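The values are calculated or read from the model by the stated rules, or taken from the named source; none is laboratory data. Because the structure is a prediction, the values reported are computed rather than measured. No Cβ is skipped: glycine too gets one built from the backbone with ideal geometry, and neighbour counts run over all protein chains shown. SASA here: full protein model, heavy atoms, side chains in, ligands and nucleic acids out. Shrake-Rupley method; radii C 1.70, N 1.55, O 1.52, S 1.80 Å.
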Amino acid sequence: MMEAGRITGEALLVAREHVREGVSTKELDTVIRNYIEKCGAKPSFLGYAGFPASACISVNDEVIHGIPSKKRILCEGDVVKIDVGAFYKGFHGDSARTIAVGNVSEEALRLIKTTRDSFFAGVAAVKTGNRIGDVGSAIQECVEGAGFSVVRRYIGHGVGHELHESPDVPNFGTKGRGVRLCAGMTLAIEPMVNVGSEEVYELPDGWTVKTRDGSLSAHYENTIALTSEGVVITTLVDKEW
Ligand code: MG
Ligand code: MG
């Protein structure tokens, strides 16, 4: 899990270096795929339920599951979400970041920061004996406290030999409710946060999810392991990011 996580995190770092005005989302996808394969791993998403690329790349009001395309060229002011998975020696890593292309609005910066903060608020509640609802409610509190909304239709998940395993890890919930957490659990915690309403819809391409009201959205995800000594974040390569 640690090795798969490290490769996943490094693929995101490599992608970040290529994010700039004029780059297509397909070019970013190619960079990610090449890096993962160079490490002897496989892109977890390529072919998953028929997904045609190695990374999900979603821009502005696209929330998640954007399909990389030669026609999608990044512009100054865009907010781009890159979601990557790497499968290595039988295990998956799953991680996402939101990146500003050049100068973005103050609101966009606040959204990106809040989404990251909410992940760490959730992680602070990951303790043996706590419950999944403690994690979700911590994320929700952080997001709503900043005046943003949490997407409810898509949620985090267990991760390990399979990309998506039980339990469900919603980014909302009630303290003291849900599955009890214990050492050995490996989870993908991934708040998706909208400036406007939480409502989203899927495009006719069968993948891309957008905000219903066209508002900006951000995503932040890491794979974490709850051990007897506490939480280890397997995909966090750059501690500041
Ligand atoms: Mg992901
Ligand atoms: Mg995930």
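Tabulated data for the structure shown
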read-out	value
Selection within region 149-171 - away from ligand 2 (no atom under 11 Å from the Cβ), open to solvent by less than 60 Å² (accessible area, probe 1.4 Å), of a type outside the set (G, A, S) and part of a loop (DSSP other than H, G, I, E, B)	V151, P170, N171
Counted residues, region 172-201 - those being out of contact with any Gly (no Cβ under 8 Å at 6 or more places or on another chain) and farther than 30 Å from S228 by Cα	8
Condition check for Y201: surrounded by 14 or more Cβ atoms within 10 Å (Cβ to Cβ), at pLDDT 95 or above and at negative phi	no
Single residue of T235, T174 found to be of a type in the set (S, T, Y) and buried (at least 19 other Cβ atoms within 10 Å of the Cβ)	T235
Failed criterion for E221 (all others in (1) in contact (Cβ under 8 Å) with a residue 40 or more places away in the chain; (2) closer than 19 Å to Y88 by Cβ; (3) within 16 Å of ligand 1 (Cβ to nearest atom); (4) open to solvent by 40 Å² or more (accessible area, probe 1.4 Å) hold)	(4)
Out of E106, E62, sole residue that is out of contact with any Lys or Arg (no Cβ under 9 Å at 6 or more places or on another chain), open to solvent by 10 Å² or more (accessible area, probe 1.4 Å) and acidic (D, E)	E106
Residues satisfying the stated conditions in region 115-141, i.e. assigned to a helix (DSSP H, G or I) and either under 10 Å from P191 (Cα atoms) or open to solvent by 40 Å² or more (accessible area, probe 1.4 Å) (or both)	T115, R116, D117, S118, F119, F120, G122, A124, G136, I139, Q140, E141
Verdict on E17 being in a helix (DSSP H, G or I), farther than 21 Å from G102 by Cβ, open to solvent by 40 Å² or more (accessible area, probe 1.4 Å) and among the acidic types (D, E)	no
Of residues in region 31-49 being open to solvent by 20 Å² or more (accessible area, probe 1.4 Å) and touching a residue at least 24 places away in the same chain (Cβ under 8 Å), the one nearest to D78 (Cα to Cα)	Y35
Residue within region 183-201 that is free of Cβ contacts under 8 Å to residues at least 40 places away in the same chain and outside any loop (DSSP other than H, G, I, E, B) present	yes
